Amino acid sequence: MSAASEQFSTHSEPIWRERADFIINAQLSEVGGFEQLWVRRVGEDQFEVCCIPYFLYNVALGDTIETAPQGGRQYVLSRVLNPSGRFVFRAYFERPHYRYRDATAVGVQRLGAQIEWSSPSLLAVDVDGPSAQRVADYLQDQEDAGRLVYETGKSA
């Protein structure tokens, strides 16, 4: 695979930017797809995630992860060593529903969540364990009202 055919999703405003001191890559399920994660180095090949994953599953803000060389890259996510106990949700807004974006962002933040925008259409949401169900219920209500589509950051 050539570098020209690779696609990288980046975080322009990572939620814990002040903690981060490194950027690693995480391979996505689509061929040539990577998400660049802002992280804080805690060991030779171990890092704390300092952003809310946009596309990765089973990785959350605050997780301690391990990297390994892969495909010519030195630091590629290989596994989660210590889950933070935080939850990730993603809300997708189709263009006709952009008018609901700001209210949704404010709504989840009022419930204790933190957010990062990937694009005008995709909102990544981080929340601690005790608040996760309230945020999930809120996002489900918004989806039921036809304002967005949401998912959790956990795979089955």
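The values are calculated or read from the model by the stated rules, or taken from the named source; none is laboratory data. Please read these numbers as outputs of a predicted model, since none were measured by experiment. Counting neighbours? That spans all protein chains shown, and the Cβs are built from the backbone with ideal geometry, glycine included.
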When you look at SER131, is it more than 19 Å from ARG19 (Cβ to Cβ) and part of a strand (DSSP E or B), yes or no? no
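Restricting to the stretch 26-59, name every residue that is outside any strand (DSSP E or B) and either of a type in the set (Asp, Glu) or over 15 Å from the mean Cα position of the chain (by Cα) (or both).
GLU30, VAL31, GLY32, VAL42, GLY43, GLU44, ASP45 - these are the residues of the stretch 26-59 that are outside any strand (DSSP E or B) and either of a type in the set (Asp, Glu) or over 15 Å from the mean Cα position of the chain (by Cα) (or both).
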Mind checking whether some residue in the stretch 65-87 is among the basic types (Lys, Arg) and assigned to a strand (DSSP E or B)? yes
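Before we move on, is GLY62 touching a strand residue (DSSP E or B) at 6+ places or on another chain (Cβ under 7 Å), outside the structural domain of SER9 (by TED's automatic domain parsing), farther than 18 Å from GLN27 by Cβ and in a loop (DSSP other than H, G, I, E, B)? Show your work before the answer.
Numbers: touching a strand residue (DSSP E or B) at 6+ places or on another chain (Cβ under 7 Å): yes; outside the structural domain of SER9 (by TED's automatic domain parsing): no; farther than 18 Å from GLN27 by Cβ: yes; in a loop (DSSP other than H, G, I, E, B): yes.
Against the criterion (touching a strand residue (DSSP E or B) at 6+ places or on another chain (Cβ under 7 Å), outside the structural domain of SER9 (by TED's automatic domain parsing), farther than 18 Å from GLN27 by Cβ and in a loop (DSSP other than H, G, I, E, B)), GLY62 does not qualify.
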(1) over 19 Å from VAL125 (Cβ atoms); (2) touching an Asp or Glu at 6+ places or on another chain (Cβ under 9 Å): which one isn't true of ILE52, the others all being true? (1)
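Taking the stretch 98-131, which residues are small (Gly, Ala, Ser) and either over 14 Å from ARG86 (Cα atoms) or surrounded by fewer than 21 Cβ atoms within 10 Å (Cβ to Cβ) (or both)? Let's see the steps before the verdict.
Keep residues of the stretch 98-131 that are small (Gly, Ala, Ser), which gives 103, 105, 107, 112-113, 118-119, 121, 124, 129, 131.
Answer for the stretch 98-131, where residues must be small (Gly, Ala, Ser) and either over 14 Å from ARG86 (Cα atoms) or surrounded by fewer than 21 Cβ atoms within 10 Å (Cβ to Cβ) (or both): ALA103, ALA105, GLY107, GLY112, SER118, SER119, SER121, GLY129, SER131.
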Tell me, which residue of the stretch 70-88 that is among the hydrophobic types (A, V, I, L, M, F, W, C) and under 17 Å from ILE115 (Cβ atoms) is surrounded by the fewest Cβ atoms within 10 Å (Cβ to Cβ)? PHE87
Taking the stretch 36-69, which residues are among the β-branched types (Val, Ile, Thr) and surrounded by fewer than 21 Cβ atoms within 10 Å (Cβ to Cβ)? VAL42, THR64
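So which residues in the stretch 105-144 are of a type in the set (Val, Ile, Thr) and either more than 13 Å from PHE89 (Cα to Cα) or not assigned by TED's automatic domain parsing to the domain that holds TYR92 (or both)? Explain how you work it out, then say what you get.
First, the residues of the stretch 105-144 that are of a type in the set (Val, Ile, Thr): 106, 108, 115, 125, 127, 135.
Passing the criteria: only VAL106.
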Subset of the stretch 102-113 (residues that are in a helix (DSSP H, G or I), in contact with a strand residue (DSSP E or B) (Cβ under 7 Å, 6 or more places away or on another chain) and either under 20 Å from LEU56 (Cα atoms) or free of Cβ contacts under 8 Å to residues at least 40 places away in the same chain (or both)): ALA105, VAL108, GLN109
Test set (1) closer than 23 Å to CYS50 by Cα; (2) of a type in the set (D, E, K, R); (3) in a helix (DSSP H, G or I) - GLU116 fails condition number: (3)
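Against the condition in contact with a Phe, Trp or Tyr (Cβ under 6 Å, 6 or more places away or on another chain) and either in the same structural domain as ILE15 (by TED's automatic domain parsing) or over 16 Å from PHE55 (Cβ atoms) (or both), how does ARG147 come out, does it pass? Working first, answer last.
Details: in contact with a Phe, Trp or Tyr (Cβ under 6 Å, 6 or more places away or on another chain): yes; either in the same structural domain as ILE15 (by TED's automatic domain parsing) or over 16 Å from PHE55 (Cβ atoms) (or both): yes.
The answer is yes for ARG147.
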Kindly list, by first and then second residue, each pair from a residue in the stretch 9-35 that is more than 16 Å from ASN58 (Cα to Cα) to a residue that is acidic (Asp, Glu) and surrounded by 18 or more Cβ atoms within 10 Å (Cβ to Cβ), limited to pairs with Cβ atoms under 6 Å and residues at least 6 apart or on different chains. SER9/GLU35; ILE15/GLU116
